[in-house]
Amino acid sequence: MEMRGGLPPGPGRAIAPRRPAEYDGSWRWTAPALDRSVPAARSAVRELIRRRAVPLREDQLYGLLLIVSELVTNAVRHAALLSPEVAVEVSVGPEWVRVAVEDNHPYRPAPMEACPEDEPRTGGRGLLLVQATVEEAGGCYDIEHTAGGKVVWAALPLRFRPTSPRRPR
């Protein structure tokens, strides 16, 4: 998905030279593919954003943490058999914050369709939540194959970029 203003830095994308902000950087860590890694990853991202003073509004931070939770949950639930560890990466630039979760399972997940109210489902909507959160914020997300698995990433703008123009009242 291409966004106005271009995509955030990712594999194979060049970055124009600029003066870095104090919060610029990229951080990566691994965690076991276990349920306890979901709140640990969310907490680590929250602390990183706070410690680096990344200029996110509270609603943007909430959206970012929701994305982290859903992506790590998907990796833990669906990739653990082939990927005993997952990697979480957070990259921050002057206009974007990007979170990526990598595992060693080749399966490429797809958002499930929302089910009617008469067919309740307790799971399977994680990527729908990620997609909705990203679209509402004016961001982007994608899934990229790696040598043995995949990276699922999402990027949110540090400034609000509406997905559709709003008319003044």
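Miscellaneous remarks
- Using a Förster distance of 22 Å, the FRET efficiency for ARG46-THR146 (Cβ separation, nearest 0.05): 0.25
- Highest average packing first - 78-86, 66-74, Cβ atoms within 10 Å: 66-74, 78-86
- Alpha-carbon centroid distance for the pair segment 69-103 / segment 36-59, whole angstrom: 14
- Note on segment 26-72: Kirkwood radius taken over Cα pairs, Stokes-Einstein applied at 20 °C and 1.002 mPa s, translational D equal to 192 µm² s⁻¹.
- Segment LEU82-ARG159, extension gain: residue separation times 0.36 nm, minus the distance between their alpha carbons: 23.9 nm
- With the whole protein complex present, THR30 retains an accessible surface near 80 Å², based on a 1.4 Å probe.
The values are calculated or read from the model by the stated rules, or taken from the named source; none is laboratory data. The structure displayed is predicted, hence computed values, not measured ones. Every residue, glycine as well, gets a Cβ built from its backbone with ideal geometry; the counts of neighbours run over all protein chains shown. The area values use the complete protein model at the heavy-atom level, side chains included, leaving out ligands, DNA and RNA. Shrake-Rupley method; radii C 1.70, N 1.55, O 1.52, S 1.80 Å.
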